[in-house]
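What follows is a single structure, written as structure tokens, with notes after it.
The values are calculated or read from the model by the stated rules, or taken from the named source; none is laboratory data. Predicted model, so just to flag it, every value in this text is computed and none were measured. Glycine gets a Cβ as well: all are built from the backbone with ideal geometry, and neighbour counts include every protein chain shown. For the accessible areas, the whole protein counts, side chains as well, though only heavy atoms, and no ligand, DNA or RNA atoms are used. Shrake-Rupley method; radii C 1.70, N 1.55, O 1.52, S 1.80 Å.
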Amino acid sequence: MMKKLIASGLAAALFAGFSGALAAENLEAPSLIYNNVAISGDTADSTPFISDDRTMLPFRYLLDQIGAAVDYDEETRIVKAEKDGVSIEFSLDDTYIDITKDGETERVVQDTPNVIQDDRVFVPIRFMSEAFGLNVGWDAYERTAIIVDMQKYASELLEASPKLKQYMEIASEIPDNYTETISMTFDFSLDDSS
């Protein structure tokens, strides 16, 4: 219960925190942030774009960025990718993907087809990311897709914060019907004249 609460809070804080985090200029091509790291569209072999209100990025680049192992068969035009026990398989020519998790396969239809442009196959960022269980947000002002792997992010946070890890272990032993009030005080000054 407490882990879900913290994970939800982290996701909300990440999505809210990014709204003003980037430069105020309105970029021509959409940007991508993965687990608090800005991924430059210039590093992709093609520039991301928006099609039918969906942010599109070359499939191999996107899947590599989120840590998926990617295999592509040129002859059949079938992509296979695996990350953290979840595998996906799709044909570049179809609008569905097969998602396999815990031995169960589900066929899911994309709401936007893949797009071939400049000899690259572009896939919708949200659809592919969510297929692996990642959280995806969109900052319309900054034209930025924000992808968060909450499991990885929470693990990194707990690893970097031993006291938080200790609190989580204690909190996991507290019954759900138990309530507690925590009070904290923060003092800060916006006066920079000193």
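For Tyr34, what residues show an amide H to amide H distance below 5 Å, using hydrogens built from the backbone and excluding near sequence neighbours?
Ile39, Ile147
Amide H to amide H under 5 Å from Thr55: which residues, 5+ apart in sequence or cross-chain, H placed 1.01 Å off N in plane?
Close amide H contacts, sequence-distant or interchain: Ile125, Arg126.
Please report, as a whole percent, how much of the solvent-accessible surface of region 96-166 comes from carbon and sulfur atoms (probe radius 1.4 Å). Please list the in-between numbers first.
Numbers: 1930 of 4040 Å².
Heavy-atom surface of region 96-166 belonging to carbon and sulfur, 1.4 Å probe: 48 percent.
Show me, for region 134-141, the HN-Hα J-couplings you get by feeding each phi into the Karplus relation (A = 6.51, B = -1.76, C = 1.60, θ = phi - 60°), rounded to Hz, glycine and proline as x.
Couplings: 8, 8, 10, x, 9, 9, 5, 4 Hz.
Calculate the dipole size of region 63-110 relative to its Cα centre from +1 charges on Lys and Arg beta carbons and -1 charges on Asp and Glu beta carbons; express the result in debye to the nearest 20.
Computed about the Cα centre, the dipole is about 140 debye.
Averaged per residue, what accessible surface does region 76-129 expose to a 1.4 Å probe, in Å²?
Working: 2970 Å² over 54 residues.
Solvent-accessible surface per residue comes out at 55 Å².
Starting at the first residue of region 61-67, write each ³J(HN,Hα) from the Karplus equation 6.51 cos²θ - 1.76 cosθ + 1.60 with θ = phi - 60°, in whole Hz, x for Gly and Pro.
4, 4, 5, 5, 4, 8, x
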